[in-house]
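Participant: For reference, the structure I am asking about is given below.
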């Protein structure tokens, strides 16, 4: 049995006021490309247009089910999909990229995903994150790479009270411990 | 903590950035033709002005792009930021 990075934290995370839960083993592919035609072709293959605006993500569904495409840089994106789809997605994206300059790399093992939900999500994250998380500054669809309690994370704002964190597997337990501590004052 | 405006991501805290020294130091056209003194000048010698200074910064914890910034070395004010490859904006000191 493969054990996910936060398997040992499942119960403790679920008991937090932010209802944290891990979404382990998601398929993740780092895409580097700057050719607009190639980016459009890759979006068409996934059924999700690639984000054109910095610090946002797009979501949709197509041949590979629900897919999110995250803006990581002006020519860099992260494609996130359900587990065990990395090989077919990689092949499809490579085909769509064609001869344009770029790369598609399977980075699924790099990060695990933590979903946070509840009215205190933005308050808890503000304890360790300098990015303005007020709904007016970070509406749903925001995707920022930043430091959360000195840990590099990708932070997706998926709704008014829901945030998804992508964190490197090796420091996921540290982040879980920090989250538990930051949540103390919101316990009822 | 000081906020540094990344040209891609907007204002972020200083801890997300790495400093890259003076900007616009051109690589020599023909390095092998340089004397030791000229090579040392290129490798080691940098401006140290009191006032506006064009520097390279990397948003290492964010989008990981290099960009340039004009910083006033007396006040730490970032007068301008601009993407790599763009010309240095006119700065009034």
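The values are calculated or read from the model by the stated rules, or taken from the named source; none is laboratory data. The shown structure was predicted, so the numbers you read here are calculated from the model rather than taken from an experiment. FYI the Cβ positions are ideal-geometry reconstructions off the backbone, even for glycines, and counts take in every protein chain you see.
Participant: From the list B:76, B:59, exactly one residue is under 26 Å from residue A:71 (Cβ atoms) and either away from chain A (no Cβ under 14 Å) or touching a helix residue (DSSP H, G or I) at 6+ places or on another chain (Cβ under 9 Å) (or both). Which is it?
Facilitator: Details: B:76 fails: under 26 Å from residue A:71 (Cβ atoms).
From the options B:76, B:59, the qualifying one is B:59.
Participant: If the requirement is being exposed (fewer than 15 other Cβ atoms within 10 Å of the Cβ) and under 26 Å from residue A:137 (Cβ atoms), which of these qualifies: A:69, A:53? Give the steps one after another, and end with the answer.
Facilitator: On the way: A:69 fails: exposed (fewer than 15 other Cβ atoms within 10 Å of the Cβ).
Within the list A:69, A:53, the selection yields A:53.
Participant: Also, I was wondering about something else. From the list B:31, B:11, B:89, pick out the single residue that is on the phi < 0 side of the Ramachandran plot, modelled with pLDDT under 95 and in contact with a helix residue (DSSP H, G or I) (Cβ under 8 Å, 6 or more places away or on another chain).
Facilitator: Working: B:11 fails: in contact with a helix residue (DSSP H, G or I) (Cβ under 8 Å, 6 or more places away or on another chain); B:89 fails: in contact with a helix residue (DSSP H, G or I) (Cβ under 8 Å, 6 or more places away or on another chain).
Only one candidate qualifies: B:31.
Participant: Moving on to the next point. Give the residues of region B:61-81 that are in contact (Cβ under 8 Å) with a residue 60 or more places away in the chain and either in a loop (DSSP other than H, G, I, E, B) or more than 10 Å from the chain's Cα centre (by Cα) (or both), sorted by residue number.
Facilitator: Restricting attention to region B:61-81, the residues satisfying the condition of being in contact (Cβ under 8 Å) with a residue 60 or more places away in the chain are B:67, B:69, B:76, B:78, B:81.
Answer for region B:61-81, where residues must be in contact (Cβ under 8 Å) with a residue 60 or more places away in the chain and either in a loop (DSSP other than H, G, I, E, B) or more than 10 Å from the chain's Cα centre (by Cα) (or both): B:76, B:78.
Participant: Among the residues of region A:25-48, which ones are in contact (Cβ under 8 Å) with a residue 24 or more places away in the chain, in a loop (DSSP other than H, G, I, E, B) and crowded, with 17+ Cβ neighbours inside 10 Å?
Facilitator: Correct list: A:25, A:26.
Participant: Within region A:78-99, is there a residue that is modelled with pLDDT of 95 or more, within 14 Å of chain B (Cβ to nearest Cβ) and either surrounded by 18 or more Cβ atoms within 10 Å (Cβ to Cβ) or farther than 15 Å from residue B:9 by Cβ (or both)?
Facilitator: Checked region A:78-99: at least one residue is modelled with pLDDT of 95 or more, within 14 Å of chain B (Cβ to nearest Cβ) and either surrounded by 18 or more Cβ atoms within 10 Å (Cβ to Cβ) or farther than 15 Å from residue B:9 by Cβ (or both).
Participant: Another question, then. Considering only residues of region B:1-42 that are part of a helix (DSSP H, G or I) and surrounded by fewer than 10 Cβ atoms within 10 Å (Cβ to Cβ), which is nearest to the other protein chains (Cβ to nearest Cβ)? If you could, list the steps in order and put the result at the bottom.
Facilitator: Narrowing region B:1-42 to residues part of a helix (DSSP H, G or I): B:14-16, B:31-33, B:36-42.
If we keep only those that are surrounded by fewer than 10 Cβ atoms within 10 Å (Cβ to Cβ) as well, we get B:32-33, B:36-37.
Values: B:32: 30, B:33: 33, B:36: 39, B:37: 39 Å.
Restricting to residues being part of a helix (DSSP H, G or I) and surrounded by fewer than 10 Cβ atoms within 10 Å (Cβ to Cβ), the top hit is B:32.
Participant: Also, I was wondering about something else. For region A:107-117, indicate whether the set of residues that are within 13 Å of chain B (Cβ to nearest Cβ), surrounded by fewer than 22 Cβ atoms within 10 Å (Cβ to Cβ) and within 16 Å of the chain's Cα centre (by Cα) is non-empty. Can you show your working first?
Facilitator: Initial filter on region A:107-117 (within 13 Å of chain B (Cβ to nearest Cβ)): none.
No, every residue in region A:107-117 fails to be within 13 Å of chain B (Cβ to nearest Cβ), surrounded by fewer than 22 Cβ atoms within 10 Å (Cβ to Cβ) and within 16 Å of the chain's Cα centre (by Cα).
Participant: So, one more: Examine region A:171-183 for a residue that is within 14 Å of chain B (Cβ to nearest Cβ) and crowded, with 16+ Cβ neighbours inside 10 Å, and state whether such a residue exists. Let's see the steps before the verdict.
Facilitator: If we filter region A:171-183 for residues that are within 14 Å of chain B (Cβ to nearest Cβ), which is where we start, we get A:171.
Restricting the remaining residues to those that are crowded, with 16+ Cβ neighbours inside 10 Å gives A:171.
Scanning region A:171-183 turns up at least one residue that is within 14 Å of chain B (Cβ to nearest Cβ) and crowded, with 16+ Cβ neighbours inside 10 Å.
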